[in-house]
Amino acid sequence: MHSSNFRTTYKEFLKIDFPRIPFPTDSVIFWKLVKFGGQLREFHLFKAPTLESFITQYPIEGGNEVRKVLYKEGRVFINETQYFAGVPEVVWNFYIGGYQPAQKWLKDRKDQELSFEDICHYQKIIVALMETDRVMKNIDQVKFI
């Protein structure tokens, strides 16, 4: 399901029915996909230790109130002065299902003050999305369809 090749191949079928999941006949391919699936599960459930290694910074102190969310040159502004720095564009525009989690999470907190835990959580989201993108690219290298 996290393979762009899979989604392209079964695009029309996915619109009208439950997904067809091809089963790899080669055990080496199967176990590669199992490994990638395990990694994705760890990222999406926030269990992976790598999520603690933030790739972003939150350099400006202030009220931490989310007013207007704006992405500009690797920075995600939550108000006029405060921002998360080092957010890759691929992560900002990344879709899971029908929404963009890096954008939606902040927009859902409009007019709220972010706590220290919220700021750390958002930075984990960014790492999880970056790692998801990396694993998806690895999955696309495996020829199973």
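The values are calculated or read from the model by the stated rules, or taken from the named source; none is laboratory data. This is a predicted model, so every value here is computed, not measured. A quick note on method: Cβ atoms are made from the backbone with ideal geometry, for glycine too, and the neighbour counts reach across all protein chains shown. Note: areas computed on protein heavy atoms with side chains; ligands, DNA, RNA excluded. Shrake-Rupley method; radii C 1.70, N 1.55, O 1.52, S 1.80 Å.
Here is how the numbers come out for the structure above:
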read-out: Where Met130 falls short, out of the listed (1) modelled with pLDDT of 95 or more; (2) open to solvent by less than 30 Å² (accessible area, probe 1.4 Å); value: (2)
read-out: Residues within segment 64-75 that are of a type outside the set (Phe, Trp, Tyr), in a strand (DSSP E or B) and open to solvent by less than 70 Å² (accessible area, probe 1.4 Å), tallied; value: 1
read-out: Matching residues in segment 82-96 - criterion: being farther than 20 Å from Glu117 by Cα and assigned to a loop (DSSP other than H, G, I, E, B); value: Pro88, Asn93, Phe94, Tyr95
read-out: Candidates Gln82, Gln123, filtered to the one that is out of contact with any Pro (no Cβ under 8 Å at 6 or more places or on another chain) and without any contact (Cβ under 8 Å) to a residue 40 or more places away in the chain; value: Gln82
read-out: Single residue of Glu61, Glu117 found to be open to solvent by 70 Å² or more (accessible area, probe 1.4 Å), over 29 Å from Thr9 (Cα atoms) and assigned to a loop (DSSP other than H, G, I, E, B); value: Glu61
read-out: Failed item, numbered, when Ala48 is tested on (1) surrounded by 11 or more Cβ atoms within 10 Å (Cβ to Cβ); (2) small (Gly, Ala, Ser); (3) free of Cβ contacts under 8 Å to residues at least 40 places away in the same chain; value: (3)
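Table: residues versus (1) small (Gly, Ala, Ser); (2) surrounded by 12 or more Cβ atoms within 10 Å (Cβ to Cβ); (3) in contact with a Ser or Thr (Cβ under 7 Å, 6 or more places away or on another chain); (4) closer than 26 Å to Met136 by Cα.
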{"residue": "Glu12", "(1), (2), (3), (4)": "no, no, no, yes"}
{"residue": "Pro19", "(1), (2), (3), (4)": "no, no, no, yes"}
{"residue": "Phe30", "(1), (2), (3), (4)": "no, yes, no, yes"}
{"residue": "Ser53", "(1), (2), (3), (4)": "yes, no, no, yes"}
{"residue": "Gln100", "(1), (2), (3), (4)": "no, yes, no, yes"}
{"residue": "Lys124", "(1), (2), (3), (4)": "no, yes, no, yes"}
